[in-house]
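Beneath this line is the structure, given in structure tokens, with notes to follow.
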Amino acid sequence: MNPTSSSRHAIGGRAARHPALAVLAALTVAGTAACGGSHTTSPGTARSTRTVSPEPAMTRSASSTPRTQQEFAASAAAAAERNRQRAVKQLEGVQGRGNAVGDVSVTGLPVAKSEQFRSALVRVTNRTDKAAFYAVKVEFADSSGKVLDSVVLGFADVPPGRSVSGHANSRKAAGVKAFPRIAQAERG
């Protein structure tokens, strides 16, 4: 019997054609055998893994069930409503268009007549050197300039030198060719 025939049968008959495969297979088998019977606790083994914090079930503040998608959506909606209410209050005392009209832009998003609201992308850029709250009032006007609806958005803690965006949505301007525009923008 040929000396390579036993190794050829052991690794699928490819040893003669691919000697590197034979060496790799032999090293893999040897390494697996060495690790399998080892009872070491060196840093490279799973036995050396330590848990730094207690398991979630042992933590008193851990929730018994994870937060659902509906709970997350409700939380995000509540935060958006708080920001909107803060923005409405901030815009009440503003004379004219406000101090941040140059920091805000609006782009109408294309919609089909069957959609239930008209949407515009509002982008705020904080050009100051500290975080700021921005109150923005977006108007949706028809082609004659008549205001169909106005929407107020609040952007909390916009980082200095950064831009953030949000959507202004109007149900009153749905299905109508309406053009969004910035009516007021105030940095607080």
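A few points about this structure:
- Neighbours of D129 by Cβ distance under 13 Å: Lys/Arg scored +1, Asp/Glu scored -1, total +4.
- Charge sum, other residues only, whose C-beta stays under 15 Å from Q184's C-beta, Lys/Arg counted +1 and Asp/Glu -1: +2
- Rounded, prolate or oblate (a/c below 1.5 giving rounded, otherwise prolate when a/b exceeds b/c) for region 61-137 by Cα gyration tensor: oblate
- Region 115-188 shape via C-alpha gyration tensor axes, a/c threshold 1.5: prolate
- Protein heavy-atom surface of region 98-188, 1.4 angstrom probe: 48% of the accessible area is carbon and sulfur, with nucleic acids and ligands not counted.
- If you take all other residues with their beta carbon under 14 Å from the beta carbon of V151, and give Lys and Arg +1 and Asp and Glu -1, the sum is +3.
The values are calculated or read from the model by the stated rules, or taken from the named source; none is laboratory data. Bear in mind the structure is a predicted one, so any value in this text is a computation, not a measurement. Using ideal geometry, Cβ is built from the backbone for each residue, glycine included, and neighbour counts are taken over all protein chains shown. When the accessible area is computed, the model is the full protein with side chains, heavy atoms only, and any ligands, DNA or RNA have been set aside. Shrake-Rupley method; radii C 1.70, N 1.55, O 1.52, S 1.80 Å.
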